[in-house]
Amino acid sequence: MEDLKPLNRRQWLSSLLAGAGVLLSYGLFGIQGALFLMPERTGIKKRKLFAGNIDQYEQGKVKQFYDLQGKLILVKRDQAGFKAFSSRCPHLGCSVHWEEDNNRFFCPCHNGVFNPDGKAIAGPPADAGQKLDEVAVSVDERSGVVYIEVDDVRHGGNS
């Protein structure tokens with residue numbers, strides 16, 4: 001058997017640091033492996049956008065806003081409160097607008113008509129039983145602020 005010589009301070013510190021480096025490397029490797037095996041979160045993050053103050057809305061009128069992806073959102077106030085809809089017609093994707101005099105949303109592409117609650121009542125969208133996509137609206141009664149809740153935009157160009 002070989003004689004074991006005691007380690008001097010330099011050798012002891014060198015061995016300690018090498019061991020710590022090996023432990024740290026394997027620890028990081030283990031963490032990366034666990035993260036690779038875990039599923040990525042798939043939920044779409046939401047963001048609240050300022051849509052004005054309550055007193056800026058008149059009964060039966062609609063205000064227009066753009067979400068973070070440039071899509072037009074129609075926000076309407078009636079006696080029941082606030083509702084918001086996508087301006088995209090579910091039939092062929094044309095742009096829907098509010099007709100205050102007729103109290104309806106209208107799509108000029110194929111004469112699609114939607115009631116104030118966004119349900120199709122005439123034209124091809126009604127035949128298909130479609131409705132406008134709703135956008136969540138919240139009102140902070142204390143401050144009098146109206147918010148619309150839209151999909152957040154991921155950084156890096158992906159949405």
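The values are calculated or read from the model by the stated rules, or taken from the named source; none is laboratory data. Everything quoted here is computed from the prediction, not taken from an experiment. In this analysis, Cβ positions are derived from the backbone assuming ideal geometry, glycine residues included, and neighbour counts consider all displayed protein chains.
Based on this model, can you work out whether Gly19 counts as at pLDDT below 90 and of a type outside the set (Phe, Trp, Tyr)?
It is false that Gly19 is at pLDDT below 90 and of a type outside the set (Phe, Trp, Tyr).
I need the full set of residues from region 1-43 which are among the acidic types (Asp, Glu) and either within 30 Å of Asp152 (Cα to Cα) or in contact with a helix residue (DSSP H, G or I) (Cβ under 6 Å, 6 or more places away or on another chain) (or both), in order please. Glu40, the sole residue that qualifies.
Each residue in region 84-141 was checked for being closer than 26 Å to Lys48 by Cβ and either among the aliphatic types (A, V, I, L, M) or not assigned by TED's automatic domain parsing to the domain that holds Lys61 (or both), and 7 of them qualify.
Among residues of region 33-59 that are closer than 16 Å to Lys83 by Cβ, those with a Cβ under 7 angstrom from a residue that is surrounded by fewer than 10 Cβ atoms within 10 Å (Cβ to Cβ), sequence gap 6+ or separate chain, pair up as Gln59/Gln79. Does Ala34 satisfy being surrounded by fewer than 10 Cβ atoms within 10 Å (Cβ to Cβ), not in a loop (DSSP other than H, G, I, E, B) and not assigned by TED's automatic domain parsing to the domain that holds Asn115? Yes, satisfied.
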